[in-house]
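Novice: Okay, here's the structure, questions in a sec.
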Amino acid sequence: MTDKPKKPSKKPAPKPALKKDAPKKRERSNGLPSREQILEFVSSATGNIGKREIARAFNVKGADRIPLKQMLKAMAEEGVLVKSEKRKLHRAGELPSVAAIEITHTDPDGELVARPVDWKGTDAPPSIVVTPQTKKHHVKDREAEPPAGVGDRVLARLTRTTEVNEIYDYEARVVRRLDKGAERVLGLFRSGSEGGRLVPVDKRERNEYEIARDDTGNAKDGDLVLAETVPGKRYGLLRARVREVFGRSDDPKSISLIAIHTHGIPDRFPDNVITEAEAAKPAGPEGRTDLRDIPLVTIDPEDARDHDDAVWAALDTDPKNEGGYVAIVAIADVAAYVRPGSPMDREAKKRGNSTYFPDRVVPMLPERISNDLCSLREKEERACLAVRMVFDSEGNKRSHEFVRGIMRSAARLTYRQMQMAIDGRPDDKTGPILETVLRPLWDAYKTISLAREKRGPLDLDLPEYKAKLDERGRVAAINIAAKYESMKLIEEFMILANVCAAETAEQKQTKLVYRIHDVPSREKLVALSEFLQTLNLSFPKGQLVKPANFNRILAEVDGTEFDQMVSTVVLRSQSQAVYSPDNIGHFGLNLRRYAHFTSPIRRYADLIVHRALVSALRFGGDGQSAEELGALAEIAEHISGTERRSMLAERDSTDRFIAAFLADRIGAEFPGRISGVTRFGLFVKLEETGADGLIPIGNLGTEFFHHDESGHALIGERSGLTYRLGEQVRVRLAEAVPVTGGLRFDIVEGGSEGKPAGRQGFKRSQGRPGVKAKAGGKPRGMKPRGKPKAARTSKNRSTKH
């Protein structure tokens, strides 16, 4: 037998609670409370205060309620009382005990800062700090809900702060989330008679926003602005209000700003971080191994903004290791200056890594650290963490040892200087050290390359394009970056140092974050195999795949018209390298263990590894903290995300610089290659600049085109005209939009003859009338083209692995 459900009780709503010092009984004259008494009550009571609660508190009944309502209305019209969204009253300049707030940002200490959503006062709204949420503060059925963050709107219980030195007016304890909150939109402001329009810079955003005259924030036509969405009409344009004006959208400096703000990259250091960095003192030689007499050299790109690694090598004098080499890789000792839990450490962790743009860098650490104390400047003493490695005559590592030292760079060189010296064209700087420093270093590199070839890492070679800016910050030229074998030298020594770091940490049973790279997924391998079959190339998909399997394919197409196409598809088949405290190895490098150690100035992962080594080898008290050890999984996930964020921001910025460079060449024709095939069109990469643009499928001709997903091709239904990934085409620039980075092309020449697709077998993609392509070329064969390519070198030693 079950009990009958109880009817809900109809108890009256609880009366507003009063503060301890508020009088329990309210005196009133002429049947009504005075204005001062009402204000005192509203200020001292907690809970929702409305007309009913005021009448009950002062025992106003019957006909007396009418003049009370008139008094309250007059006080509201005068601005003495303020009515909230819930039609509750509170004193002007104050907030109710429970209110909707919007979390706007974090302060330098990491506290969440908010503002009231419904603020009617004429003065600036009160400042609110949000107290951290814990499970006991959550409603039971909301315990799994993640804590509130920047951009959220929440219902919060507010308490006025009483401490004299408190910088915030209120403390807020979150009750529950209300909605997603206002979204930030970066865009181009276009003024109008009634205010203006906001045109988003994100090319994926298709909506424009209406901005009322009072919400323009003094923005002028053509300004780049940051706006936030506001509730609006059910129909018509969405609404927004301008929050910040960044300047003219046609200013070259705005291009990187767009990427920075679109991707949410922190670009301003809090004051306490700058203060800490400026107060840092150079680390002395006490307690360190003296490496100042060893001629370590830095070798970097000509435009390098930081110099955190130095190398040296020489023949091993040990008679038991004839033909072997000793090498030292020294890395700036960032851990000596950035301590766990400090303001600098918290900011570096938040950023995760430095972000590089054609015209600027957003550094992970302040300039005092990255460009001064931890920059291995020529002839200046610097603290370092170094590894001494011994190799045999076949390039196999025999042993290694880490030291915490003090060094003095013998020379700062560029890749070009090093390569020219080795090729017999030394300059005034490289000439005096060619035989004593550079030649032994080169010979050591050639020796360790023997072991690298046996290991067989993935050997991809894709061109890298770089924008050259003029003195005004505009793009003067875009060229394929020069590649030197000296880049490979530095890359190999850095990889070996990273391996040593992972091995030592494991030997000492010290936790750290690995750089891991999983094997390609079966789905991607099947897709790759199907694509290669269209080129009469076989690829094993039913066995354990190794980098050598990919290298065989790459070698087979090297020097043919298929090389870039196959390299691109192989690259897309790979998994994304990430950071993790759990080691699964690095597939691309064909290494069992690997941890980033060589760039702590610009990667937080490397700083973690430095601290792990400092703790494991007892190099000092500034190693790992218990808090960091307990949060390695969360940190690894976070910095993997910031790395992806930076890569996207850098790519978006480059796209916009290129679009600005091409904006005055509308109508010009360019040679290019098909870099992507989708059901809605073709992506083409220009050979001259590396710019990527879209040819909409409607511009390919008058017939229907079918998308052959496995073959990466669009095939004409009647003619069989085929556009395939990697094919050469000629296009005409139809549109270039610098603010979004978007390029649109029309086809001029390209495509190859093939079998008509018919109406079966492929995804159907409809072409529309447009510029009809010329059917260019015969069925292709494996014909070598051009001169043999130079030795493969990595695109970027700091990010590839």
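Novice: Could you tell me whether the range 256-272 includes any residue that is of a type in the set (Phe, Trp, Tyr), within 29 Å of Gly620 (Cα to Cα) and not in a strand (DSSP E or B)? Step through it out loud before you land on a result.
Specialist: Here is the first cut: in the range 256-272, the ones of a type in the set (Phe, Trp, Tyr) are 269.
Filter once more, keeping what is within 29 Å of Gly620 (Cα to Cα): 269.
If we keep only those that are not in a strand (DSSP E or B) too, we end up with 269.
Looking for residues that are of a type in the set (Phe, Trp, Tyr), within 29 Å of Gly620 (Cα to Cα) and not in a strand (DSSP E or B), one finds at least one in the range 256-272, hence yes.
Novice: Can you tell me which of Arg611, Arg552, Arg572 is crowded, with 23+ Cβ neighbours inside 10 Å, outside any loop (DSSP other than H, G, I, E, B) and on the phi < 0 side of the Ramachandran plot?
Specialist: Only one candidate qualifies: Arg611.
Novice: Which one of the conditions (1) in contact with a Lys or Arg (Cβ under 8 Å, 6 or more places away or on another chain); (2) closer than 27 Å to Cys384 by Cα does Lys541 fail to meet, given that it meets all the rest?
Specialist: (2)
Novice: Can you tell me which residue in the range 403-440 is surrounded by the most Cβ atoms within 10 Å (Cβ to Cβ), limited to those that are part of a helix (DSSP H, G or I), in contact with a helix residue (DSSP H, G or I) (Cβ under 7 Å, 6 or more places away or on another chain) and in contact (Cβ under 8 Å) with a residue 40 or more places away in the chain? Spell out how you get there, then give the answer.
Specialist: Step one: list which residues in the range 403-440 are part of a helix (DSSP H, G or I), which gives 415-422, 431-440.
Cutting the leftovers down to in contact with a helix residue (DSSP H, G or I) (Cβ under 7 Å, 6 or more places away or on another chain) gives us 415, 418-419, 421-422, 434, 438.
If we keep only those that are in contact (Cβ under 8 Å) with a residue 40 or more places away in the chain as well, we get 415, 418-419, 422, 438.
On the way: Tyr415: 22, Met418: 26, Gln419: 21, Ile422: 20, Leu438: 24.
If we take residues in the range 403-440 being part of a helix (DSSP H, G or I), in contact with a helix residue (DSSP H, G or I) (Cβ under 7 Å, 6 or more places away or on another chain) and in contact (Cβ under 8 Å) with a residue 40 or more places away in the chain, then Met418 is surrounded by the most Cβ atoms within 10 Å (Cβ to Cβ).
Novice: To continue, here is another question. When residues of the range 309-344 are filtered for being touching a residue at least 24 places away in the same chain (Cβ under 8 Å) and either farther than 29 Å from Arg398 by Cα or among the polar types (S, T, N, Q) (or both), how many remain?
Specialist: Within the range 309-344, residues that are touching a residue at least 24 places away in the same chain (Cβ under 8 Å) and either farther than 29 Å from Arg398 by Cα or among the polar types (S, T, N, Q) (or both) number 10.
Novice: So, Gly698, is that one more than 22 Å from Val526 (Cα to Cα), surrounded by fewer than 21 Cβ atoms within 10 Å (Cβ to Cβ) and at pLDDT below 90 or not? Talk me through it step by step, then tell me what you get.
Specialist: Values: more than 22 Å from Val526 (Cα to Cα): yes; surrounded by fewer than 21 Cβ atoms within 10 Å (Cβ to Cβ): yes; at pLDDT below 90: yes.
Answer is yes for this residue.
Novice: Can I ask one more? Collect the residues in the range 377-391 that are more than 18 Å from Glu278 (Cα to Cα) and in contact with a Cys (Cβ under 8 Å, 6 or more places away or on another chain), keeping them in residue-number order.
Specialist: The initial filter retains those residues of the range 377-391 that are more than 18 Å from Glu278 (Cα to Cα), namely 377-381, 384-391.
Hits for the range 377-391 are Val387, Met389.
Novice: Mind counting the residues in the range 334-373 that are modelled with pLDDT under 95, part of a loop (DSSP other than H, G, I, E, B) and within 18 Å of the chain's Cα centre (by Cα)?
Specialist: Here the count works out to 4.
Novice: Are any of the residues in the range 490-512 more than 26 Å from Asn396 (Cβ to Cβ) and β-branched (Val, Ile, Thr)? Full working, then the answer.
Specialist: Restricting attention to the range 490-512, the residues satisfying the condition of being more than 26 Å from Asn396 (Cβ to Cβ) are 511.
Checking which are β-branched (Val, Ile, Thr) leaves us with none.
No.
Novice: Can you spot a residue in the range 720-731 that is outside any strand (DSSP E or B), surrounded by fewer than 18 Cβ atoms within 10 Å (Cβ to Cβ) and without any contact (Cβ under 8 Å) to a residue 40 or more places away in the chain? Walk me through how you get there before you give the answer.
Specialist: To start, the set of residues in the range 720-731 that are outside any strand (DSSP E or B) comprises 720-721, 725-727.
Subsequent filtering for residues that are surrounded by fewer than 18 Cβ atoms within 10 Å (Cβ to Cβ) retains 720.
Add one more test, that the residue is without any contact (Cβ under 8 Å) to a residue 40 or more places away in the chain, and what stays is 720.
Scanning the range 720-731 turns up at least one residue that is outside any strand (DSSP E or B), surrounded by fewer than 18 Cβ atoms within 10 Å (Cβ to Cβ) and without any contact (Cβ under 8 Å) to a residue 40 or more places away in the chain.
Novice: While we're here: Kindly list the number of the only condition in (1) touching a helix residue (DSSP H, G or I) at 6+ places or on another chain (Cβ under 8 Å); (2) of a type outside the set (Gly, Ala, Ser); (3) under 30 Å from Ala660 (Cβ atoms) that fails for Glu464.
Specialist: All conditions pass for Glu464, except number (1).
Novice: Hey, among the residues in the range 145-167 that are more than 27 Å from the chain's Cα centre (by Cα) and assigned to a loop (DSSP other than H, G, I, E, B), which one's modelled with the highest pLDDT?
Specialist: Thr161
Novice: For the range 390-402, what are the residues that are assigned to a loop (DSSP other than H, G, I, E, B) and either among the charged types (D, E, K, R) or crowded, with 19+ Cβ neighbours inside 10 Å (or both)? Quick ask: steps written out before the conclusion?
Specialist: As a first pass, look at the range 390-402 and keep what is assigned to a loop (DSSP other than H, G, I, E, B): 392-396.
Selection gives Asp392, Glu394, Gly395.
Novice: Only one of (1) of a type outside the set (Gly, Ala, Ser); (2) under 27 Å from the mean Cα position of the chain (by Cα); (3) under 30 Å from Leu178 (Cα atoms) fails for Leu237. Which number is that?
Specialist: Status for Leu237: all satisfied but (2).
Novice: If you go through the range 573-620 one residue at a time, how many are among the small types (Gly, Ala, Ser), over 24 Å from Arg305 (Cα atoms) and in contact with a Gly (Cβ under 9 Å, 6 or more places away or on another chain)? Lay out the reasoning, then the answer.
Specialist: Kept after step one, since they are among the small types (Gly, Ala, Ser), are these residues of the range 573-620: 573, 575, 577, 580, 585, 588, 595, 599, 605, 612, 615-616, 620.
When the remaining residues are screened for being over 24 Å from Arg305 (Cα atoms), the result is 573, 575, 577, 580, 585, 588, 612, 615-616, 620.
Restricting the remaining residues to those that are in contact with a Gly (Cβ under 9 Å, 6 or more places away or on another chain) gives 575, 577, 612, 615-616, 620.
The qualifying residues number 6.
Novice: Oh, and also: Quick check on the range 669-677. Is at least one of its residues without any contact (Cβ under 8 Å) to a residue 24 or more places away in the chain and either buried (at least 21 other Cβ atoms within 10 Å of the Cβ) or among the basic types (Lys, Arg) (or both)?
Specialist: There is no residue in the range 669-677 that is without any contact (Cβ under 8 Å) to a residue 24 or more places away in the chain and either buried (at least 21 other Cβ atoms within 10 Å of the Cβ) or among the basic types (Lys, Arg) (or both).
Novice: Regarding Ile715, is this residue part of a strand (DSSP E or B) and within 33 Å of the chain's Cα centre (by Cα)? Explain how you work it out, then say what you get.
Specialist: On the way: part of a strand (DSSP E or B): yes; within 33 Å of the chain's Cα centre (by Cα): no.
When the stated conditions are applied, Ile715 does not pass them.
Novice: What's the number of the condition Thr654 fails, among (1) touching a helix residue (DSSP H, G or I) at 6+ places or on another chain (Cβ under 7 Å); (2) crowded, with 20+ Cβ neighbours inside 10 Å?
Specialist: (1)
Novice: Just for the range 77-104: of the residues that are assigned to a strand (DSSP E or B) and modelled with pLDDT under 75, which one is surrounded by the most Cβ atoms within 10 Å (Cβ to Cβ)? Quick ask: steps written out before the conclusion?
Specialist: In the first step, residues of the range 77-104 are kept if they are assigned to a strand (DSSP E or B); the result is 81-83, 89-91, 98-104.
Then keep just the ones that are modelled with pLDDT under 75; that gives 81-83, 89-91.
Details: Leu81: 23, Val82: 21, Lys83: 15, Leu89: 21, His90: 20, Arg91: 19.
Among those that are assigned to a strand (DSSP E or B) and modelled with pLDDT under 75, it is Leu81.
The values are calculated or read from the model by the stated rules, or taken from the named source; none is laboratory data. Keep in mind that this is a model prediction, so the values were computed, not measured. Cβ sites come from the backbone with ideal geometry, for glycine too, and all protein chains shown count toward neighbours.
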